Amino acid sequence: MAESRPKILIVEDEWLIAQFLEEVLEGLGYHVLGPVPSVREALTIVVSEMPDAAILDISLGQENSLAVADELMRKKIPFVFSSGYMRVDLPEPYSDCAILSKPISESELGKSLRSLVHRPEPQSSEHLG
Amino acid sequence: MGEASVAFPIVGIGASAGGVEALEHFFKGLPADSGCSFVIVTHLSPDRPSLLAEIVSRFTSMPVYVAAEGTVPQPDQVYVLPADAILGIENRTLSLRKPNSAKRERKPVDIFLSQLARDIGEYAVGVILSGGDGDGTLGIKAIKERGGFTLAQTWDGTEPQYMGMPQSAIASGMIDVATPVQEMGRSIVEFARSFGMLERLEVSGAEDGQRLLRAARADICALLRNQIGHDFSGYKEKSFLRRVQRRMHVNHIDTLEAYAEKLRHDPKEIGALFRDLLINVTNFFRDADAFEVLEKSVIPKLFAGRGADDTVRVWVPGCATGEEVFSIAILMREYMDTLSAVPRVQIFATDIDELALSVARAARYPEALLDSVSAARRKRFFTAEDGSYLLTKDVRELCVFSSHSVIRDPPFSRLDLISCRNLLIYFGPEVQNQVIMTFHYALRPGGYLFLGTSENVTQFSDFFVALDKKQRVFRRREGAPSHARVPLVASGLRPAPFAMLDRRGRGLGGMVLRQTVEAQVLDRFAPAHVVVNRDGDVVYYSPRTGKYLEATAGVPTRQILAMARKGLRLDLRTLLREAIETEQRVIRQGVSVETEEGQIQIVNLSVEPLAESSGEDRLFLLVFADVGKLLSREEGVQRATAPDETAAHLERELRESRERLQSLIEEYETALEELKSSNEELVSVNEELQSTNEELESSKEELQSVNEELHTVNAELNGKVEMLDRSNSDLTNLFESTRVATVFLDRNLVIRSYTPAVSQIFNILPTDRGRPLTDLSSRFSLPTLADDVREVFNSGKSLERTVVPDGNGTYFLLRLAPYRDQSAGVEGVVLTFVDVTSLTRAEQHQRRLIAELNHRVKNMLAIVIAIAEQTYRTAGDPATFKVRLVERIRGMARSYELLSHENWHTARVEELVRKHLEPFGMERVNMGQIDIRLPPRQALSLGMILHELATNASKYGALGTSQGRIGIEWREEHAETPAIAFHWREIGGPKVAKPAREGFGVKLIRQEAIYALRGCAHIEFKPEGLDVVVRFPREELNGDG
């Protein structure tokens, strides 16, 4: 894959959902980093790959992704939460962050990512089986 | 009235100052089932409501009511006089009357008790408790008179109380039982029971009982007749027995026989019973017949021949509460109204009981005591004032009340009438004699003595003549000797017939006296002699005194001076006086005595005190010693008038002396005149003083009643203060024990009080009361406090604020509530800090749970969507898609079911396996037994893996053939981190080869192991069957999914 495509980090601990997100993003022409289910792995990728944007599931099993969000904010990397939680449930510093409420539709996801990074070159929207 | 079964005693209780305490003990000593009804009458201020009912109800379990108009007292209930009312009773029904607001009601107890007596007679019980004046005494009299039962409080403790009321009642002699207040309950209960006894004897015993009663009565009557000499057999049987019974009750004796036995041995008890039977309470015009005699036969004579300058003097000794005095005064006044020249009338009313006197001086009587006063007299001589009647001034001013003992004190003198009714019965025979002699002395000749119907002076017929035998009116005999006009000494007993002296052992016995006299006379001379006492009464004659003494005309007398013959009298008087004064022997020589035959005898007289006599009883020996022979008159005269130088000289001297005597007499008369006018002045001053005294008395009464009221109020207030103290202590304890921080602020945010818990919030010290709250530093900021307080003041409504303190994670709910005073105006603010930490935590927890639920549901929906997507992609045709999708969702549902069964805490691996494999038959499954529990997330994940494995096995593997078996094992592994190994091994199924392309199922297993279980799955397609090992770290089971 060409590196010109925006790199999107997916942090999601449900494999099925991660799979779904990955497929949608690939379909939209983004380069997917991950998906990863844990903070440790996510931070590794943030440092090593410098994603252009990120989609963070807030609750990751017994941990949560707020530490990742902190790191992203520090690096000024835009991100969007994807969560079953409502905005009001978010702790204070994150209450302004974008949040996509699960279950996420493809169109919502696309719209949200477009606001985060510039739109990638249109790709073939062929669905992979 | 009251003979029916409804009859029960009604106890009227009078109390005033100090009464609350007395009532407390009274009711504490009283059982609640005495069968009596209780009515409390106190001196209350008309200006304020009384708390008495409330206070009394604390002392007794009987119901306590405030009496109302028309209340019918019931047994075992208590009624209290309301403020500003006067209580009466008629036909056993209470009545209330508004007092005349201008005047203070002075005798509410008297009024109630006397009406009670009139209403229910023998069933009336009067109780006089602590109080400062004499109220109740007249009421008690009325009750006693009608056969009721009377009690008065005596004090056994040491604390000062107000004994005026009970003392006055006791002093009246009308109290049956004087006892400390705690003991009264018992007496009253016995009294109430005694009604039953008499009735039982009368009714149930029928013939037998009647006979017994009659016999006992005859027995007692006989005893009385023998001991006292009064026959009561004519008395009404019932009232006789009632009084006997009351004495029995007072003596705690149960049977008539036992009482008769006591009478036989106790003369005192006979006296008490006698007086009880005679209780003929001195009342206005009591014994109307007697007073009629007084009015018709005596009073006109008192005034006969008297002019305006004369005085009619009356003495009423033992006047008690004054009814008798005023009855006489009324009669006198009535007669005086008919006269043109009205003499002065003085009625001296005396008693030893000061308290009774003050009742008499007040001259105020309850209506019930005026039954025997005719309407006309009531109108003429009384002023009605709120249920009591006040004698008019023109009657009162006739009477002078003073404390005086008829036995001890010097008597009055020159009296025209002595009225002494029912006093003598209280005295023994000796004292009776003495008192009658005193009366004899005090009356002027022809004066009248008026006695009670059971008293007599017949044994003194020398001194008194009966004017009306039946009504006991006597007249002092005109000529009766009255030598001792003035008692020589003011103290001690009046000189009485000398026979009495012997008995007292102060003089000399008859024989001894005789011997002494004879011995002394023989020692000196043996001439004629007599022995006289200090008054000149001869107590002993020698023989042959006829030469010197002779009987005088008129009533026989023993007075030596009256009996002395002509010529002796003057010298005798001088000698006697000298001897009495000097107590020395005095001699006069050459006194000539004229005998009956006209001869003259010259005698030497000598008077000397008799040895062995002394003081008041000193006797004097008077000796007549003849000098020479009897002389003829001529000789005597010759001898007496012998012309002589000396005689002339003496005559001149005599003349001069006479002149001096004359001038002395003139001076004496002038002095007498002056004395008279002084006396008149004194009398008028006395009158003024008397009226001032009356005014003072009435002021004193006013003050006393105010004082009483104040005491009552004070006692009530004390009770209230006690209650307040208790409430206050409750509040203090509440404050101390409550963990709720509360601050009371006034309008200016100044602290009024606070609970100790406040110190957790503010740095507050006890000295901070009175400082504004805003001065104190608090552990958290309350910037809006002042505004909030203002809002509470303005709106009068409560406010609530949640306060998050700095740091330590405690939450407070601050409630600002208006502090209302009694008029419901907002006076301040009550700040309450409620620690709501746990509540807040619970709320937060709940919010978290809801969020978690949202999260889970949404996550699951996302997963379902993803599963649908994947299933769709691998299914091919819609039918397969539908079957697979539904299977997968069901598989998830099974795991959820299991978890929800366990409240989302944990799920056992064994259960999980069973749940997912049961649809395919467990008979071909070999399961491990190790008990391992998984948290929900891992359980769901493993459930999905199990579902995929089982589905796969049924389609392509061991479950697809009849020989296929599946072994499922799991165990814990203890490497660096605790882990769980789950092993799925199929055998006996169709031959297995690794598929060319990894299907969705395999992918799901692998990825679930990584993502959800944070472990890994090792999948091996062995020829004998699929072999899968899933390893994943053991998560802490914290129960919080």
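A few notes on this one:
- J(HN,Hα) series, region B:905-920, from Karplus relation 6.51 cos²θ - 1.76 cosθ + 1.60, nearest Hz, glycine and proline x: 9, 9, 9, 7, 4, 4, 4, 4, 4, 4, 4, 7, 9, 3, x, 9
- Per-residue ellipticity at 222 nm from helix content only, as computed over the protein assembly as shown with -39500 (n - 2.57) for each DSSP H run of at least four residues, stands at -13500 deg cm²/dmol.
- Peptide A:27-37, shielding by other chains (average Cβ, 10 Å cutoff): 1
- The long axis of helix B:181-199 is offset from the longest Cα principal axis of chain B by roughly 80 degrees.
- For the peptides A:69-75, B:110-116, the ranking by packing is B:110-116, A:69-75, with the highest mean count of neighbouring Cβ atoms within 10 Å listed first.
- Estimated FRET transfer efficiency when R0 is 41 angstrom, pair residue B:214-residue B:466 (beta carbons, to 0.05): 0.70
- Reachable lysines, given that their alpha-carbon falls under 19 Å from the alpha-carbon of residue A:7 and they are not under 8 places away in the same chain: A:75, A:76, A:111
- Here the spin labels are modelled as points 7 Å beyond Cα on the Cα-Cβ line, and at residue B:883 and residue B:976 they lie 4.6 nm apart.
- Peptides B:362-369, B:898-905, B:717-724 ranked from most to least packed give B:362-369, B:898-905, B:717-724, packing being the mean of other C-beta atoms within 10 angstrom over each peptide's residues.
- Counting Cβ atoms of other protein chains within 10 Å of each Cβ in A:57-70 and taking the mean gives 2.
- With θ taken as phi - 60° and the Karplus curve 6.51 cos²θ - 1.76 cosθ + 1.60 applied, the whole-hertz 3J(HN,Hα) list for region A:99-106 is 9, 9, 8, 5, x, 8, 8, 4 Hz, x standing for glycine and proline.
- Semi-axes of the equivalent ellipsoid for the protein assembly as shown, Cα gyration tensor, largest first, Å: 132, 35, 27
- Here region B:917-965 is treated as a Stokes sphere of Kirkwood radius computed over C-alpha pairs; at 20 °C and 1.002 mPa s its diffusion coefficient rounds to 180 µm²/s.
- Per residue, the average separation of C-alpha pairs within less than 8 Å and at least 6 apart gives chain B a relative contact order of 6 percent.
- For chain B, the antiparallel share of DSSP beta bridges with both residues in that region comes to about 70%.
- Table column - 3J(HN,Hα) (Hz), region B:345-354, Karplus curve with 6.51, -1.76, 1.60, x for Gly and Pro: 10, 10, 10, 8, 10, 10, 7, 8, 9, 4
- Label-to-label distance, nm, for residues given as residue B:1016 and residue B:784 (7 Å Cα→Cβ offset): 5.9 nm
- One quarter of the surface of the convex hull around the alpha-carbon atoms of region A:26-122 equals 6.1 nm², the direction-averaged projected area.
- Compactness ratio for region B:304-421: Cα radius of gyration over 2.2 N^0.38 Å (N = residue count) comes to 1.07.
- Scoring B:652-658, B:162-168, B:418-424 by mean Cβ neighbours within 10 Å over their residues and listing the highest first yields B:162-168, B:418-424, B:652-658.
- With a simple spin-label model that places each label point 7 Å from the Cα along the Cα-to-Cβ direction, the separation between residue B:630 and residue B:371 comes to 7.6 nm.
- Percent of beta bridges antiparallel (DSSP, chain A, rounded to nearest 5): 10 percent
- Around the amide H of residue B:150, modelled in the peptide plane, lie the amide H atoms of B:126, B:176, B:177, all under 5 Å away and 5 or more residues distant in sequence or on another chain.
- Dimensionless Rg ratio for region B:819-859, taking C-alpha atoms and the 2.2 N^0.38 Å reference: 2.27
- Prolate/oblate/rounded call for region B:643-756, Cα gyration tensor, a/c under 1.5 rounded: prolate
- Within chain B, the ratio Rg/Rh, alpha carbon atoms throughout and Rh by Kirkwood, equals 1.41.
- Kirkwood Rh in Å, taken over all unlike Cα pairs in region A:14-64: 11.5 Å
- The mean number of partner chain beta-carbon atoms within 10 angstrom of a residue's beta-carbon across peptide A:5-15 is 3.
- Principal-axis analysis of the Cα atoms of chain B puts helix B:785-795 at an angle of about 70° to the longest axis.
- Potential extension, residue B:618-residue B:841 segment - 0.36 nm per residue separation minus Cα distance: 68.9 nm
- Our estimate of slack between residue B:927 and residue B:647, defined as 0.36 nm per intervening residue step minus the Cα-Cα distance, is 82.9 nm.
- When only alpha carbons are used to place a centre, region B:558-573 and region B:355-409 end up 51 Å from one another.
- Angle of helix B:108-120 to the longest C-alpha principal axis of chain B, folded into 0 to 90 degrees and rounded to 10: 90°.
- Förster radius 22 Å - calculated FRET efficiency between residue A:114 and residue B:857 (Cβ-Cβ, nearest 0.05): 0.20
- Relative contact order of chain A: 26 percent, from C-alpha pairs under 8 Å at least 6 residues apart in sequence.
- Percent breakdown of C-alpha pair distances by 5 Å bin, ordered from the shortest bin, for region B:660-722: 5, 13, 10, 9, 8, 8, 7, 7, 6, 6, 5, 4, 4, 3, 2, 2, 1, 0
- Stokes-Einstein translational diffusion, region B:67-153 - Kirkwood Rh over all Cα pairs, 1.306 mPa s, 10 °C, in µm²/s: 119 µm²/s
- With semi-axes defined as the square roots of five times the eigenvalues of the C-alpha gyration tensor, the equivalent ellipsoid of region B:979-1023 measures 21, 14, 7 Å, largest first.
- The alpha carbon gyration tensor of region B:860-923 gives principal lengths a ≥ b ≥ c with a/c of 1.5 or higher and a/b no greater than b/c, which makes the shape oblate.
Bear in mind these aren't lab numbers, they're just calculated from the coordinates by the rules spelled out. Only a predicted model underlies this, so the values are computations on that prediction, with no experimental measurement involved. Neighbour counts are summed over all protein chains in view; Cβ atoms, including those assigned to glycine, are modelled from backbone coordinates with ideal geometry.
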